[in-house]
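What follows is a short report on a single structure.
The values are calculated or read from the model by the stated rules, or taken from the named source; none is laboratory data. Keep in mind that what you see is a predicted model, and the values were worked out from it rather than measured. Every residue, glycine as well, gets a Cβ built from its backbone with ideal geometry; the counts of neighbours run over all protein chains shown.
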Amino acid sequence: MEIAHYLQLVLWAILVNNFVLAQFLGICPFLGVSRKIESAIGMSIAVVFVITAASVICWLLYYTVLLPFHLGFLRTIVFILVIAALVQFVEMVIRKVSPSLFQALGIYLPLITTNCAVLGAALLAITKDFNFMKTLVYALGSSIGFGLVLVLFAGIRQRLDIVPAVPRILRGMPIALVTSAILALAFLGFAGLVKM
Amino acid sequence: MIDPQVVIVSAASLGSVGIASAALLAGASRFFKVETDPRVEALIAILPGANCGGCGFPGCSGFAQALVDGKAEVTACSPGGADVAKQIGAVLGREVADRARAVVRLRCSGTRAVAAPRVEYGGVDSCRALLLVSPAGSKACPRGCEGLGDCVRVCLFGALRMGENGLPAVDEQKCTACGQCVTACPKHLIAIEPYDSTVFLACSTDLAPKDARQACQVACLACRLCLKACPHDALVWDGRRPVRVDDKCVGCGLCVDACKQGVLVYARGAVPEPGVRAQAERLLAERKAVEAARKAAAKAAAAPQPAAPPETPAGDGPAPA
């Protein structure tokens, strides 16, 4: 029963309530890092890592520090601070501990330091009154959903780049926005899949 | 009403979180410090910072790292140009020669009129797309220019234009040899050449001479007449086609005249200087005379042994070279 519930949560976070296409979070990396599939994959891995870590840390901080001291209303601004510091810290550690991992993720980490998707995941988990496990699963699911859409979108954009049939004024960002709109409509088809 | 205590508590707690994070990061930056070559930082400061990737490395910092590792050419930064190359050389302690001006040239002269088609292509107007559909291309010569203009589209300087004849034309005055078209050409038909060189081979076919003759009227047929015509040894054979040796070529154009196929051509309509030309002709005549004398001597030495072959004098007359 529990496991089924968590699976539902993951599906819901990935497909139904997708960060990019349903909640409009993380649009900046979605448009910025989707020119090549390779960089989209690197970004996705970095995002999964950061969102999961940040949500867990923020959850712990909220329930062990902020709530007992009746400072719950400060959560947004505290989370911003903590996430920014956390990502910088993680970047330093990775750089020291695993240069190869840093090579793969290094350039993406600073890009998502203050990304709204990261903050969104942490805040939404609090707003929805998730417990620790649920927060973890929700963060993992929604970041995977972000990665999935990012990679899909990068694939489409790479193909669009080859096609000269795209009118000149639509080249680049305009056609990317049109494409993301169509992609969002397609994901709307998942709307009834899971009820949360 | 806002309770002033709440404000103070908020500010204090937020401040303490900030100070704690700062302390953590400061400690971490000390503790997890990675020793980097100070030259990398210096190079990053010099580079344009456009992160264009034109050098083939991930961004300017990647290029700086590669430079320090000795994996990159000092002159590889196109946007920076000679200026940045000099500064990089100063940081790395390497002497940077002034980069000679270079241009791109198309290694194909198979216009629609002279190159036989292999298939009819009516798809998306792009060489890359065509090669996805038909990997051997649409012309009988697999190394023929498709003429769909992928190179023209990527040129940032307006130096390429698709000609009426179905081949891109390079405006060598505008070309900066940035190499965008070189990478855009899926058949790798565009070569970066020194601007000063005046003759070049406008063909890169790898077909056997017999097939090349069928495929294209202006294909290099590997006859090597150009090699024989060069008095400066400025052409060497790479197994299929002549390759110009830049520091030997004086641009006399004797090879261009020797080429029966017309694939060795003058760049941007250059005309050889009469003096250079005359000198080269003299040199070639001298060489031929020496060669003929040597042959005659060899024949004279070889002649007495067999019983006087009748065609000996006849074969000597017209020089086959």
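Scanning for something within 14 Å of chain A (Cβ to nearest Cβ), under 26 Å from B:Cys259 (Cβ atoms), assigned to a loop (DSSP other than H, G, I, E, B) and at pLDDT 85 or above, does segment B:124-135 turn up at least one residue? No, that holds for no residue. Counting only helices (runs of 4 or more DSSP H) that sit wholly inside segment B:164-230, those with at least 1 residues that are farther than 24 Å from B:Arg277 by Cα are B:180-184, B:209-215.
Residue-level analysis places A:Phe79 among those that are under 21 Å from A:Phe19 (Cα atoms) and within 12 Å of chain B (Cβ to nearest Cβ).
If you filter segment B:24-43 down to residues that are of a type in the set (A, V, I, L, M) and facing chain A (nearest Cβ under 10 Å), you find that the one that is surrounded by the most Cβ atoms within 10 Å (Cβ to Cβ) is B:Ala28. With the requirement that a residue be surrounded by fewer than 17 Cβ atoms within 10 Å (Cβ to Cβ) and either assigned to a loop (DSSP other than H, G, I, E, B) or in contact with a Cys (Cβ under 7 Å, 6 or more places away or on another chain) (or both), what does segment A:162-184 give you? Within segment A:162-184, A:Val163, A:Ala165, A:Val166, A:Pro167, A:Arg171, A:Gly172 qualify. Within segment A:43-59, the residues that satisfy the criterion of being of a type outside the set (Gly, Ala, Ser) and either touching a Cys at 6+ places or on another chain (Cβ under 6 Å) or within 14 Å of chain B (Cβ to nearest Cβ) (or both) are A:Met43, A:Ile57, A:Cys58. Of the residues A:Leu11, A:Leu25, the single one that is touching a Cys at 6+ places or on another chain (Cβ under 6 Å) and more than 14 Å from chain B (Cβ to nearest Cβ) is A:Leu25.
Taken over segment B:234-261, the criterion of being over 19 Å from B:Glu193 (Cα atoms) and in a loop (DSSP other than H, G, I, E, B) is satisfied by B:Gly239, B:Arg240, B:Cys259, B:Lys260, B:Gln261. Can you confirm whether B:Gly147 is surrounded by 18 or more Cβ atoms within 10 Å (Cβ to Cβ), assigned to a loop (DSSP other than H, G, I, E, B) and without any contact (Cβ under 8 Å) to a residue 40 or more places away in the chain? When the stated conditions are applied, B:Gly147 passes them. The condition (being assigned to a helix (DSSP H, G or I), within 17 Å of A:Phe190 (Cβ to Cβ) and small (Gly, Ala, Ser)) is satisfied by just one residue among A:Ala13, A:Ala54, A:Ala40, A:Ala4: A:Ala13.
Listed here are the residues, each with its yes/no results for (1) within 27 Å of A:Tyr62 (Cβ to Cβ); (2) under 44 Å from the mean Cα position of the chain (by Cα).
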{"position": "B:Ser13", "(1), (2)": "yes, no"}
{"position": "B:Val17", "(1), (2)": "yes, no"}
{"position": "B:Ser21", "(1), (2)": "yes, no"}
{"position": "B:Gly27", "(1), (2)": "yes, no"}
{"position": "B:Arg30", "(1), (2)": "no, no"}
{"position": "B:Val34", "(1), (2)": "no, yes"}
{"position": "B:Asn51", "(1), (2)": "no, yes"}
{"position": "B:Leu92", "(1), (2)": "no, yes"}
{"position": "B:Val103", "(1), (2)": "no, yes"}
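Per-residue answers, yes or no, for (1) more than 14 Å from chain A (Cβ to nearest Cβ); (2) over 24 Å from A:Phe89 (Cα atoms); (3) touching a Leu at 6+ places or on another chain (Cβ under 9 Å):
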site	(1), (2), (3)
B:Ser10	no, yes, yes
B:Ala45	yes, yes, no
B:Glu73	yes, yes, yes
B:Ala76	yes, yes, yes
B:Gly80	yes, yes, yes
B:Gly89	yes, yes, no
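One residue stands out in segment B:108-130 among those that are closer than 14 Å to B:Pro186 by Cβ and within 21 Å of the chain's Cα centre (by Cα): the one that is surrounded by the most Cβ atoms within 10 Å (Cβ to Cβ), namely B:Cys108. Within segment B:53-62, restricting attention to residues that are within 13 Å of another protein chain (Cβ to nearest Cβ) and on the phi < 0 side of the Ramachandran plot, which residue is nearest to the chain's Cα centre (by Cα)? Selected residue: B:Phe57.
Selection within segment B:65-79: residues that are under 24 Å from the mean Cα position of the chain (by Cα) and under 15 Å from B:Ala90 (Cβ atoms). The member of this set that is modelled with the highest pLDDT is B:Leu67. Pairing each residue of segment A:173-184 that is of a type in the set (Ser, Thr, Tyr) with any residue that is in a helix (DSSP H, G or I), provided the two are 6+ apart or on different chains, yields C-beta distances under 6 Å for A:Thr179/A:Ile156. Considering segment A:82-100, the residues that are out of contact with any Cys (no Cβ under 8 Å at 6 or more places or on another chain) and in contact (Cβ under 8 Å) with a residue 12 or more places away in the chain include one that is nearest to the other protein chains (Cβ to nearest Cβ), namely A:Gln88. Note on segment A:64-75: among residues that are more than 10 Å from every other protein chain (Cβ to nearest Cβ) and either free of Cβ contacts under 8 Å to residues at least 24 places away in the same chain or within 17 Å of the chain's Cα centre (by Cα) (or both), the one that is nearest to B:Ala23 (Cα to Cα) is A:Thr64. Among the residues of segment B:226-239, those identified as surrounded by fewer than 18 Cβ atoms within 10 Å (Cβ to Cβ) and within 15 Å of B:Cys259 (Cβ to Cβ) are B:Leu227, B:Trp237. Please verify whether B:Ala297 is part of a helix (DSSP H, G or I), at pLDDT 85 or above and loosely packed, with under 11 Cβ neighbours inside 10 Å, treating the condition exactly as stated. Against the criterion (part of a helix (DSSP H, G or I), at pLDDT 85 or above and loosely packed, with under 11 Cβ neighbours inside 10 Å), B:Ala297 qualifies. Within segment A:24-43, residues that are at positive phi have Cβ atoms under 7 Å from residues that are of a type in the set (A, V, I, L, M, F, W, C) and in a helix (DSSP H, G or I) in these pairs: A:Gly26/A:Cys116; A:Gly26/A:Ala117; A:Gly26/A:Phe146, counting only partners at least 6 apart in sequence or on another chain.
As a summary of the residue check, B:Lys248 satisfies the conditions (1) within 21 Å of the chain's Cα centre (by Cα); (2) within 27 Å of B:Pro142 (Cα to Cα) except for the one numbered (2). When the test is whether a residue is modelled with pLDDT of 80 or more and surrounded by 15 or more Cβ atoms within 10 Å (Cβ to Cβ), B:Gln5 does not pass it.
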